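The structure under discussion appears below in the form of structure tokens.
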Amino acid sequence: MLTQFLAAATEAAPVNHFGFLEALQQGGVIAYSIFTVLVIMSVGSFYILITKLLDQRKIFSELKEVSTKFWQAPTIKDGAAKLDKNGAWRQLVEDGLAAEDQHSKLTDSLEAHDWLHGSLARSEATINSKLASGLPFLATVGATAPFVGLLGTVIGIYRALIAIGLAGSASIDKVAGPVGEALIMTAIGLLVAVPAVLAYNWLQARNKRIGELLSAFSTDILANITSKGAVKPKIITNPAKGAPARPATPAAAAPKA
């Protein structure tokens, strides 16, 4: 008796035709294509975010070694051996040393200095370009993903209007599926675009900071090479405390009346 009651209740229960998969099935090939494009955009965005973040963290983690081990070496060639072989900082040093070996062939000292400066600037540009690779994809996803989702919205509304025209009345069972599909595509487009925009701005800000650090390091390398190792940046052993404060100049004694 109980089994018959449960079977009857199961048969009487309404079937949900308005889920996510049902909306995709109703949209057909177009809905599946738009959804696939949005998934590819989302996966690509997170892949770029993770890989670029790892590259940036590697550069920041090597900065401490540059401030201590590198500049404490007797020569920058010895200091370069203490840096990561595939790191950005060592690449900059090696490019500077290679330019030093070549600039001796220039007879004009001004041209030699410009050659060193240009070689280091070119090395900086190469590193910055590598860090910026992939960011245009994030910008493209952030700008176009809402419109891709909007395309699904337009198609869903169009299908709802066709269903209304065929039925002759705007009953909820005729328009709920296409309208639900349209809203889902809009939401997915926004969920793809917002993280891409946030990741792009965050990575850009970090790249700007790295560019400033590389530019300062390049200037120190240039000064060290042109001075034959005499000029080195001041090393602060405790960055929290910074450089020691200059002693106050004693005030001059007031002249006697």
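The values are calculated or read from the model by the stated rules, or taken from the named source; none is laboratory data. Keep in mind that this is a model prediction, so the values were computed, not measured. We place every Cβ from the backbone using ideal geometry, glycine too, and count neighbours over all the protein chains shown.
Mind telling me which of the residues VAL43, VAL66 ends up being within 27 Å of HIS113 (Cα to Cα) and either modelled with pLDDT of 90 or more or touching a Phe, Trp or Tyr at 6+ places or on another chain (Cβ under 7 Å) (or both)?
None of the others qualify; the one that does is VAL66.
Given the conditions (1) more than 30 Å from GLY142 (Cβ to Cβ); (2) within 20 Å of the chain's Cα centre (by Cα); (3) polar (S, T, N, Q), and given that THR226 satisfies all but one, which numbered condition is not satisfied?
It fails just one condition, (2).
Here's the yes/no breakdown for (1) part of a helix (DSSP H, G or I); (2) modelled with pLDDT of 80 or more:
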residue	(1), (2)
ILE164	yes, no
PRO178	yes, no
ILE188	yes, yes
VAL197	yes, yes
TYR200	yes, yes
ILE210	yes, yes
PHE217	yes, yes
GLY229	no, no
ALA243	no, no
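State all residues of region 58-83 that are over 21 Å from ASP101 (Cα atoms) and either touching a helix residue (DSSP H, G or I) at 6+ places or on another chain (Cβ under 6 Å) or among the hydroxyl-bearing types (Ser, Thr, Tyr) (or both); if no residue qualifies, say none.
Once the filter is applied, which keeps residues that are over 21 Å from ASP101 (Cα atoms) and either touching a helix residue (DSSP H, G or I) at 6+ places or on another chain (Cβ under 6 Å) or among the hydroxyl-bearing types (Ser, Thr, Tyr) (or both), region 58-83 yields ILE59, SER61, GLU62, VAL66, SER67, THR68.
Anything in region 180-210 that is of a type in the set (Gly, Ala, Ser) and either in contact with a Leu (Cβ under 8 Å, 6 or more places away or on another chain) or on the phi > 0 side of the Ramachandran plot (or both)? List them, or say none.
GLY189, ALA196, ALA199
In region 121-150, how many are among the hydrophobic types (A, V, I, L, M, F, W, C), buried (at least 18 other Cβ atoms within 10 Å of the Cβ) and more than 19 Å from VAL197 (Cβ to Cβ)?
Count: 1.
Any idea how many residues of region 33-57 are free of Cβ contacts under 8 Å to residues at least 40 places away in the same chain and either surrounded by 15 or more Cβ atoms within 10 Å (Cβ to Cβ) or of a type in the set (Phe, Trp, Tyr) (or both)?
Adding up the residues that qualify gives 1.
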